[in-house]
């Protein structure tokens, strides 16, 4: 069984194929593009639930011995939530692309490009994990020796936002 993109309403339907080779190239690319969109929506959903849960924990239960760590947790929660909202828009942006766009229709009417979703979504996810995750760990354990990956996460955030800026100054 395989997933097939229904041409009438662009929804995924389960279709029985004997092998992956029976599906033509255009349908394969459409299925992969739809799967890529669903993947980023799932990542965004998990990140949003985690951001809200950890923010709630901060507001109602987190009581560190040193009040400075409360601010660290709050900052981490804020950055986590803001970049989760940005991650929601990552699948619908068109540029920048990691690889060239491909014309799957043959006449220029249907162009498939998935690289940009992976670039911006990957940078935002990396930033959330490295920056916010590190800050959560530092605040929870009240020990700054675990803070070394945070600058890498901050750089990933900057690169993700810079990629939006590059859309206007480089690609148009």
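Pairs please, first residue from the stretch 46-59 and free of Cβ contacts under 8 Å to residues at least 40 places away in the same chain and at positive phi, second anywhere and surrounded by fewer than 14 Cβ atoms within 10 Å (Cβ to Cβ) and not in a helix (DSSP H, G or I), Cβ atoms under 8 Å, 6+ apart in sequence or on different chains. Once the first residue is free of Cβ contacts under 8 Å to residues at least 40 places away in the same chain and at positive phi and sits in the stretch 46-59, no partner that is surrounded by fewer than 14 Cβ atoms within 10 Å (Cβ to Cβ) and not in a helix (DSSP H, G or I) comes close enough. The stretch 68-172 holds helices (runs of 4 or more DSSP H) entirely within its bounds, and those carrying 3 or more residues that are at pLDDT 90 or above and under 16 Å from residue 58 (Cβ atoms) map to 68-89, 133-141.
Within the stretch 45-67, the set of residues being under 14 Å from residue 139 (Cα atoms) and surrounded by 12 or more Cβ atoms within 10 Å (Cβ to Cβ) comprises 54, 55, 57, 58, 62, 64.
The values are calculated or read from the model by the stated rules, or taken from the named source; none is laboratory data. Note that the coordinates shown come from a computational prediction; the quantities given were computed from them, not determined experimentally. Glycine also receives a Cβ, built like all others from the backbone with ideal geometry; neighbour counts cover every protein chain displayed.
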